[in-house]
Amino acid sequence: MFDKKLSLKNNKNLVFGVFEDADALLETTKKIYDKGIDIIDCYTPYPIHGLEKAMGLKRSRLPIGAFICGMTGFSLALTLQSYIMVFDWPIVIGNKPYAGIPAWIPVLFELSILCTAFGIGILFFARNGMIHGKIPSELVDLKQTDYRMVLALAMDEDGVDKSEVIDMLAKGGAVEIKERMNHEEDSFEENNVSFEKVNVSHSHH
Amino acid sequence: MNHDSILRPRLVDSEKSIADVSNDICRPIENKASNLWKIGFTLSVIFLGLLGLTLTYTTLNGIGTWGLNKTVQWGWDITNFVFWVGIGHAGTLISAILLLFRQKWRMSINRSAEAMTIFAVMCAAIFPLFHMGRIWVGAYWVLPLPNAFGSLWVNFNSPLLWDVFAITTYFSVSLLFWYLGLIPDIATIRDRATTKGRKFWYNFFSMGWTGSTRTWNRYEVVSLILAGISTPLVLSVHTIVSMDFATSVVPGWHTTIFPPYFVAGAIFSGFGMVLTLLIIARKVMNYEDYITIGHLEAMSKVIMLTGTLVGLAYITEFFIAAYSGVEYEQYAFINRATGPYWWAYWSMMTCNLIAPQVFWFKWARTTPWFIFMLSIVVNIGMWFERFVIIVTSLHREYLPSGWVMYSPTWVEIGIFLGTFGLFFTFFFLFSKFLPMINMSEVKTILKNRE
């Protein structure tokens with residue numbers, strides 16, 4: 001279900017900019033997006049607000065899925081309760097009607113919530129291709145889940161000037177720049193690009 | 001974007017970098033367990049053993065081993081059930097409701113509060129399940145399955161069945177919410193791991209997380225939806241628990257104020273327990289820069305507010321009983337305050353209404369040892385509240401021939417102490433193997449990043 005075109009494996013020529021400052025990453029991503037260069041992804045240890053817009057990501061449609069799951073739960077609860085209480089084995093309890101709808105509200109509510117929560121959870125994992133025990137194939141830097149941020153770019157399109165991109169990353173404040181060439185059978189070659197580091201650490205105090 | 005607010009104090013003390021956060025919070029997981037941890041864990045396991053022993057004894061010999069009788073059919077069991085469910089509520093309140101209100105101070109306490117929710121609900125579930133008597137059939141009796149003696153089903157008009165749905169939904173949704181929040185942090189530990197075992201297990205549970213922005217983008221949407229549905233869920237759970245009582249016709253239980261009163265009480269007791277745990281944890285695990293005095297103060301304010309709310313409910317109940325003109329209602333309340341269980345009633349009043357008023361003073365709200373003492377008082381008070389509601393309402397029937405006293409047997413006391421063993425065993429395991437503070441969330445609030 002997840003978009004295969006955007007994975008690190010399906011592009012031949014890649015450039016990675018490694019950052020340690022979120023603002024530097026955000027600014028650079030904006031500039032690179034405006035240039036029309038293919039951004040595979042940004043890997044960050046925490047959600048950086050605004051980055052999804054800078055990368056040109058669309059709004060997630062997961063809320064629609066959540067709504068459908070909720071409605072499913074609601075219908076399930078209504079069917080279950082009316083089948084049991086009215087059709088299969090109706091019993092007079094305290095001289096109340098068989099279809100005592102107000103008394104059904106708690107279970108209607110709880111099952112709607114249950115189905116929404118688990119539905120959205122499953123949809124989320126499916127959409128990301130996440131499953132227990134999966135070995136992450138897309139780790140560029142082991143510190144990308146710790147304190148470093150990686151901007152992964154595809155260089156396959158015609159007319160992309162690699163040296164210009166590297167220059168943009170360098171000026172934007174990358175602490176490390178790497179280039180990768182993917183070979184045929186699941187192997188690749190990776191090199192560090194030497195460049196002059198620019199200190200962009202936004203001092204705040 | 002990145003700025004220091006002059007209006008608001010920092011949420012995390014001192015100049016922590018992003019890398020510092022991972023180092024500080026992964027320390028207990030990556031290092032050997034401390035002696036303090038070992039002692040605490042051993043003690044908890046001993047009490048867990050007591051739980052196993054008393055539950056086995058109950059199962060083999062029946063509910064007659066408890067102090068319940070024909071008049072007081074609910075005693076310590078349901079008191080403890082409501083006590084533990086109530087404690088669970090603070091976790092969801094902190095992570096869901098405070099997320100909706102964009103209260104960023106929640107971020108360094110939500111993980112442990114959610115863990116507390118899950119463990120507390122596990123403790124709670126033990127009581128009604130075992131109270132049903134035959135646990136080997138009771139476990140599926142509560143489910144909507146046709147009965148073996150014909151097509152007789154569960155009764156959807158009964159609040160006890162609503163409770164089954166509410167508690168199971170609450171437990172499983174809380175677990176999902178907690179796990180989802182853990183995934184990015186589990187991935188952090190995976191990528192820092194130096195041992196084979198750690199690499200394998202954290203890889204297994206991290207589900208291939210890479211920190212991709214596409215994933216983060218969906219993750220935030222899912223978190224918001226889960227918070228949105230958990231908020232009414234948490235309110236519904238204690239509302240339904242209160243309906244176990246309120247829909248009956250027992251004087252003292254049959255009141256419409258119960259749902260909001262129980263919800264306020266749940267938040268009150270939950271925050272009490274969060275404070276008890278976190279004041280120790282921040283000291284023992286050196287998390288004082290993350291769980292700051294500011295956090296303790298904010299939680300103390302919640303305690304003061306909700307304590308006053310439950311106090312108001314106690315007084316309202318009394319007023320309504322007097323105003324109703326129903327002599328049975330009136331007697332139930334007079335009997336609560338002046339009858340043979342007067343000591344329970346006044347313990348409740350002192351602990352829940354009067355004691356939290358000290359938090360009007362700033363010193364009281366900002367002194368950890370004092371807040372710790374008061375959090376214990378709150379826990380005791382809220383236990384007494386449930387005892388008062390359940391036992392004093394039941395112990396004098398309409399006919400004086402049904403007037404009895406109730407006291408627990410060693411089995412009931414053992415089960416209650418045993419649930420503390422269960423709770424703390426899980427809590428100690430959690431503090432050793434999972435990050436107690438949500439690293440990826442705390443990283444977003446360093447330097448007051450907006």
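A few points about this structure:
- Residue under evaluation B:Tyr170, criteria (1) within 7 Å of another protein chain (Cβ to nearest Cβ); (2) of a type outside the set (A, V, I, L, M, F, W, C); (3) in a helix (DSSP H, G or I), criterion not met: (1)
- Residue, nearest to A:Leu26 (Cα to Cα), within region A:56-70, restricted to residues that are free of Cβ contacts under 8 Å to residues at least 40 places away in the same chain and more than 10 Å from chain B (Cβ to nearest Cβ): A:Gly56
Yes/no matrix, rows are residues, columns are (1) within 28 Å of B:Val250 (Cβ to Cβ); (2) at pLDDT below 90; (3) assigned to a helix (DSSP H, G or I); (4) of a type outside the set (A, V, I, L, M, F, W, C):
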{"residue": "B:Glu317", "(1), (2), (3), (4)": "yes, no, yes, yes"}
{"residue": "B:Ala332", "(1), (2), (3), (4)": "yes, no, yes, no"}
{"residue": "B:Arg336", "(1), (2), (3), (4)": "yes, no, yes, yes"}
{"residue": "B:Leu374", "(1), (2), (3), (4)": "no, no, yes, no"}
{"residue": "B:Phe387", "(1), (2), (3), (4)": "yes, no, yes, no"}
{"residue": "B:Ile390", "(1), (2), (3), (4)": "yes, no, yes, no"}
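- Selected residue (only one of B:Val222, B:Val249 is under 26 Å from the mean Cα position of the chain (by Cα), of a type outside the set (D, E, K, R) and over 19 Å from A:Val107 (Cα atoms)): B:Val222
- Of the strands (runs of 3 or more DSSP E) contained entirely in region A:101-199, those carrying at least 1 residues that are surrounded by fewer than 17 Cβ atoms within 10 Å (Cβ to Cβ) fall at A:176-182, A:188-193.
- Any hit, region A:91-99, residues being at pLDDT 90 or above and of a type in the set (S, T, N, Q): no
- Within region A:112-127, tally of residues that are facing chain B (nearest Cβ under 7 Å) and either at positive phi or aliphatic (A, V, I, L, M) (or both): 4
- Within the set B:Thr276, B:Thr316, B:Thr308, the sole residue that is surrounded by fewer than 23 Cβ atoms within 10 Å (Cβ to Cβ), in contact (Cβ under 8 Å) with a residue 40 or more places away in the chain and over 30 Å from B:Trp369 (Cβ atoms) turns out to be B:Thr316.
- The set of residues in region B:206-218 being at the interface with another protein chain (Cβ under 7 Å from one of its Cβ atoms) and in a helix (DSSP H, G or I) consists of B:Thr213, B:Arg214, B:Thr215, B:Trp216, B:Asn217, B:Arg218.
Yes/no per residue for (1) modelled with pLDDT of 90 or more; (2) away from every other protein chain (no Cβ under 12 Å); (3) farther than 24 Å from B:Asp185 by Cβ:
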residue	(1), (2), (3)
A:Phe2	no, no, no
A:Lys12	no, yes, yes
A:Asp34	no, yes, yes
A:Lys53	no, no, yes
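- Failed condition for A:Tyr46, given (1) over 30 Å from A:Glu27 (Cβ atoms); (2) facing another protein chain (nearest Cβ under 8 Å); (3) without any contact (Cβ under 8 Å) to a residue 40 or more places away in the chain: (1)
- A single member of B:Phe177, B:Phe156 is at the interface with chain A (Cβ under 8 Å from one of its Cβ atoms) and either over 25 Å from A:Pro47 (Cβ atoms) or touching a Pro at 6+ places or on another chain (Cβ under 6 Å) (or both), and it is B:Phe156.
The values are calculated or read from the model by the stated rules, or taken from the named source; none is laboratory data. From a predicted model like this one, the values you see are computed outputs, not experimental measurements. Every residue, glycine as well, gets a Cβ built from its backbone with ideal geometry; the counts of neighbours run over all protein chains shown.
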